[in-house]
Amino acid sequence: MKFETFNLHPAVAAGVITAGYIDPTPIQAQAMPHVLNHKDVMGLAQTGTGKTAAFVLPILNRLIKSDHGGIRALIIAPTRELAEQIHQAIETLGQKTRLKSVAVYGGVGINPQIQKLKRADIVVACPGRLLDHINRHTADLRKLEVLVLDEADHMFDMGFLPDIRRILRSVPKNRQTLLFSATMPSEIRHLANDVLRDPVTVKIGTTAPADTVRHALYPVAQHLKTALLLKMLENIDTQSVLVFTRTKHRAKSLDKKLAKAGYRSASIQGNLSQGKRQAALDGFRNGTYKILVATDIAARGIDVTQISHVINYDIPSTADAYIHRIGRTGRATQNGEAFTLITGDDRDMVRAINRVMGSEIEQRTLSDFNYSSPAPARNKQPQKQWKPRRNYAGVKKERSQRANA
Ligand code: AMP
């Protein structure tokens, strides 16, 4: 299938060329004809499948054909990174259309958004800040024609469903609605029943990640994880490696160890300010950092087309989270590798992941790695007789470490 078969308006078709897309991805080939026909669509697709363009192109095509003014398309996304990425995709694909998009999310000043909302045709928003605008009457959604709920399962995970339901009260009932989700927990099924009218369901690789990804498990003792990771990194071309850890604290400390070993690495975790987080993401995107260490929450919405390896330093806590993590490599047309370090405690999760993948993931060992190095002995220091009173800073540090666990 070719993009020409969609008969896009020439200004929208020009955007496809600007973006450098040659052929539609499977989600685009399957969803776009229905979206272009103004049908409601439920898209079961993970990040990396090309789902953004699957709704952005038909929206641009619809809005360019008539000239109503006002906000006519609203895309709701769980994180500011994802909102920003979708906004960027609209800017690229819609470069020749003169349609205006604004990204609306918290953590930044509200006034510039208010100004841009006055002129916007398309709004890409995170739920909390959008509700703020609705309550202040600075976002008028009465002329809305298309509503997109993107990464609906993440919005549920992050507790946004009540906000989404509040937003729904402010948009016209007569509209086109598209809902995208990588997984289908019952809450999303209920939401879909409530918001979609006679939808077409399009399903792309929801049970297994893109088949451009090779997977492997690396059994190892907990105390040897860092050493094994360093050994693995010696053997791979560290073009762009995303490493996942279970906690913010582990992300930070692993990043330090990687930097000490001479790698250009950065970490992102929930505690970072928006500025620092953006700097780390930008550095990873432009190649300044070859390795980015992240927690699941912090990594939401990361879109770096070139990720060559996803390494799970810690196994994720659900099989769905595995799919989401892996969704960041092997995007669209490139190959990727997904490595997971596993310990004896991870057996149940490995079984769950194998089930979702539909086959047993290969287990690998490195021939030149000493798997039997003993764990460092704890409490080698003689017990102190006397404990100094902890000062407030010490208590605070301990508390924040506990919060990170
Ligand atoms: P998404 O799943 O929307 O996050 O898209 C994943 C990546 O694939 C993005 O970097 C897109 O720019 C890219 N992409 C989307 N559609 C295509 C296409 N038809 N051909 C090549 N790359 C694409």
Residues of segment 87-101 that turn out to be within 12 Å of the ligand (Cβ to nearest atom) and either farther than 15 Å from L178 by Cβ or in contact with an Asp or Glu (Cβ under 7 Å, 6 or more places away or on another chain) (or both), as a count: 3
Criterion violated by D320 - all others in (1) closer than 19 Å to T47 by Cβ; (2) open to solvent by 40 Å² or more (accessible area, probe 1.4 Å); (3) touching a strand residue (DSSP E or B) at 6+ places or on another chain (Cβ under 8 Å) satisfied: (3)
Identity of the residue in segment 55-85, in contact with a Lys or Arg (Cβ under 7 Å, 6 or more places away or on another chain) and modelled with pLDDT of 95 or more, that ends up nearest to the ligand (Cβ to nearest atom): L63
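Residues K225, K256, K248: which one is open to solvent by 10 Å² or more (accessible area, probe 1.4 Å) and under 18 Å from I315 (Cβ atoms)?
Details: K225 fails: open to solvent by 10 Å² or more (accessible area, probe 1.4 Å); K256 fails: under 18 Å from I315 (Cβ atoms).
From the options K225, K256, K248, the qualifying one is K248.
Can you tell me which of V102, V202, V123 is modelled with pLDDT under 95 and in a strand (DSSP E or B)? If you could, list the steps in order and put the result at the bottom.
Values: V102 fails: modelled with pLDDT under 95; V123 fails: modelled with pLDDT under 95.
None of the other options fit; the residue is V202.
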Number of the condition not met by D40 [criteria: (1) under 29 Å from I307 (Cα atoms); (2) in contact with a Ser or Thr (Cβ under 8 Å, 6 or more places away or on another chain)]: (1)
Residues within segment 56-108 that are surrounded by fewer than 19 Cβ atoms within 10 Å (Cβ to Cβ) and of a type in the set (K, R), tallied: 4
Residue in segment 3-16 that is assigned to a helix (DSSP H, G or I) and surrounded by 23 or more Cβ atoms within 10 Å (Cβ to Cβ) present: yes
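Quick check on my filter: what residues within segment 260-274 are part of a helix (DSSP H, G or I) and open to solvent by 50 Å² or more (accessible area, probe 1.4 Å)?
From segment 260-274, those part of a helix (DSSP H, G or I) are 260, 274; that's our starting set.
Across segment 260-274, the qualifying residue is only K260.
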Tally of residues being without any contact (Cβ under 8 Å) to a residue 24 or more places away in the chain and either in contact with a helix residue (DSSP H, G or I) (Cβ under 6 Å, 6 or more places away or on another chain) or under 29 Å from K65 (Cβ atoms) (or both) across segment 114-135: 4
Failed item in (1) open to solvent by less than 30 Å² (accessible area, probe 1.4 Å); (2) within 9 Å of the ligand (Cβ to nearest atom), with T52 passing the rest: (1)
Qualifying residue in segment 228-239 (condition: in contact with a helix residue (DSSP H, G or I) (Cβ under 7 Å, 6 or more places away or on another chain) and over 24 Å from I323 (Cβ atoms)): no
Selection count, segment 17-43, where residues are crowded, with 20+ Cβ neighbours inside 10 Å and either at pLDDT below 90 or within 9 Å of the ligand (Cβ to nearest atom) (or both): 4
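If you go through segment 295-317 one residue at a time, how many are open to solvent by 30 Å² or more (accessible area, probe 1.4 Å) and modelled with pLDDT of 85 or more? Working first, answer last.
In the first step, residues of segment 295-317 are kept if they are open to solvent by 30 Å² or more (accessible area, probe 1.4 Å); the result is 296-297, 303, 305-306, 317.
Next, from what is left, pick out any that are modelled with pLDDT of 85 or more: 317.
The number of residues fulfilling the criteria is 1.
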Residues satisfying the stated conditions in segment 331-363, i.e. more than 16 Å from the ligand (Cβ to nearest atom), open to solvent by 60 Å² or more (accessible area, probe 1.4 Å) and either under 18 Å from V310 (Cβ atoms) or not in a loop (DSSP other than H, G, I, E, B) (or both): D345, R347, D348, R351, R355, E362, Q363
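For M184, state whether it is under 30 Å from I361 (Cα atoms), modelled with pLDDT under 95 and not in a loop (DSSP other than H, G, I, E, B).
Details: under 30 Å from I361 (Cα atoms): yes; modelled with pLDDT under 95: yes; not in a loop (DSSP other than H, G, I, E, B): no.
No: the conditions fail for M184.
The values are calculated or read from the model by the stated rules, or taken from the named source; none is laboratory data. As the structure is a prediction and not an experimental result, all values here were calculated from the model. Note that each Cβ is placed from the backbone with ideal geometry, even for glycine, and that neighbours are counted across all protein chains shown. Side chains included, ligands, DNA and RNA excluded: accessible areas come from the protein's heavy atoms. Shrake-Rupley method; radii C 1.70, N 1.55, O 1.52, S 1.80 Å.
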